[in-house]
Amino acid sequence: MRVTLPDTTRFFCLNEQIAYYMQKYMELRKRRIFWGQGPVDDLKTILKKHQGGKILLPASDTIREKVIRILDDLDLEYTAVDVYKTVPENISDLKPEKFDMIVFFTPIAVEALHKYFPKFKQNKTRFAAYSILTANKLQELGYRVDIYAPTLEFPSMVNAIAHYLLHVKEK
């Protein structure tokens, strides 16, 4: 979709990776994109610096509530738009106990595991979580998070898993 945006439009992203993605696929000036370090609460600091104007919040149903709380706390004018709704995939045909490691990229994936395998015990299966929301969901449901990304040291899940596997071999 081709849309012409005014030069005053600013973009706020959760992390640097999202900002780089936007720069790659959209014609944007760098000074119009602002980002945090990953956690949703980081947006509060960034938005405080750049108050004023109307905000369009395109988001999924899973993250919208936290961001809305931040916008309400700052008393900002915004319109929330659900761009997509996340629905758990039916994974009942899998056998999670047969995997050495399961990597989760969204809280909804964690919910799918818990929904379809409520009696699943983690035991030696390693869980990797991409994002603080995903890691929190795993812990909330009583699972152990063995690998976490993104961090400053490991911005990608591949790097975090590689480091973990090298560390396991040392033991």
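Could you list all residues from the range 116-132 that are among the aliphatic types (A, V, I, L, M) and in contact with a helix residue (DSSP H, G or I) (Cβ under 8 Å, 6 or more places away or on another chain)?
Filtering the range 116-132 for residues among the aliphatic types (A, V, I, L, M) gives 128-129, 132.
Those that are among the aliphatic types (A, V, I, L, M) and in contact with a helix residue (DSSP H, G or I) (Cβ under 8 Å, 6 or more places away or on another chain): 128, 129.
Each residue in the range 88-129 was checked for being assigned by TED's automatic domain parsing to the domain that holds residue 164, more than 17 Å from residue 148 (Cβ to Cβ) and of a type in the set (Val, Ile, Thr), and 1 of them qualify.
Take the residues in the range 1-27 that are of a type in the set (A, V, I, L, M) and within 14 Å of the chain's Cα centre (by Cα), then tell me which one is nearest to residue 70 (Cα to Cα). I'd like the intermediate steps shown before the answer.
In the first step, residues of the range 1-27 are kept if they are of a type in the set (A, V, I, L, M); the result is 1, 3, 5, 14, 18-19, 22, 26.
Keeping just the survivors that are within 14 Å of the chain's Cα centre (by Cα) gives 14, 18-19.
Working: 14: 13, 18: 19, 19: 20 Å.
Per the criteria, the residue is 14.
For the range 1-16, the candidate set comprises residues that are part of a loop (DSSP other than H, G, I, E, B), hydrophobic (A, V, I, L, M, F, W, C) and surrounded by fewer than 16 Cβ atoms within 10 Å (Cβ to Cβ); within that set, the residue that is modelled with the lowest pLDDT is 1. Among the residues of the range 56-82, those that are at pLDDT 75 or above, surrounded by 11 or more Cβ atoms within 10 Å (Cβ to Cβ) and under 21 Å from residue 17 (Cα atoms) comprise 57, 58, 59, 60, 66, 67. Which one is farthest from residue 98 (Cα to Cα) among residues in the range 115-134 that are within 17 Å of the chain's Cα centre (by Cα) and at pLDDT 95 or above? Of everything passing the filter in the range 115-134, 129 is farthest from residue 98 (Cα to Cα).
Of these, 133, 166, which one is in a helix (DSSP H, G or I), of a type in the set (A, V, I, L, M) and under 30 Å from residue 43 (Cα atoms)?
Numbers: 166 fails: under 30 Å from residue 43 (Cα atoms).
After applying the criteria, what remains is 133.
Look through the range 95-108, keep the residues that are without any contact (Cβ under 8 Å) to a residue 40 or more places away in the chain and surrounded by 14 or more Cβ atoms within 10 Å (Cβ to Cβ), and return whichever of them is nearest to residue 162 (Cα to Cα). Even if it seems obvious, please write down each step before you answer.
Quick first cut of the range 95-108, residues without any contact (Cβ under 8 Å) to a residue 40 or more places away in the chain only: 95-100, 102, 104.
Okay, now just the ones that are also surrounded by 14 or more Cβ atoms within 10 Å (Cβ to Cβ), so 96, 102, 104.
Values: 96: 21, 102: 14, 104: 16 Å.
By that ranking, first place goes to 102.
The values are calculated or read from the model by the stated rules, or taken from the named source; none is laboratory data. Since the model is a prediction, treat every value here as computed from it, not as a measurement. Cβ coordinates were reconstructed from backbone atoms using ideal geometry, including for glycine residues, and neighbour counts include every protein chain displayed.
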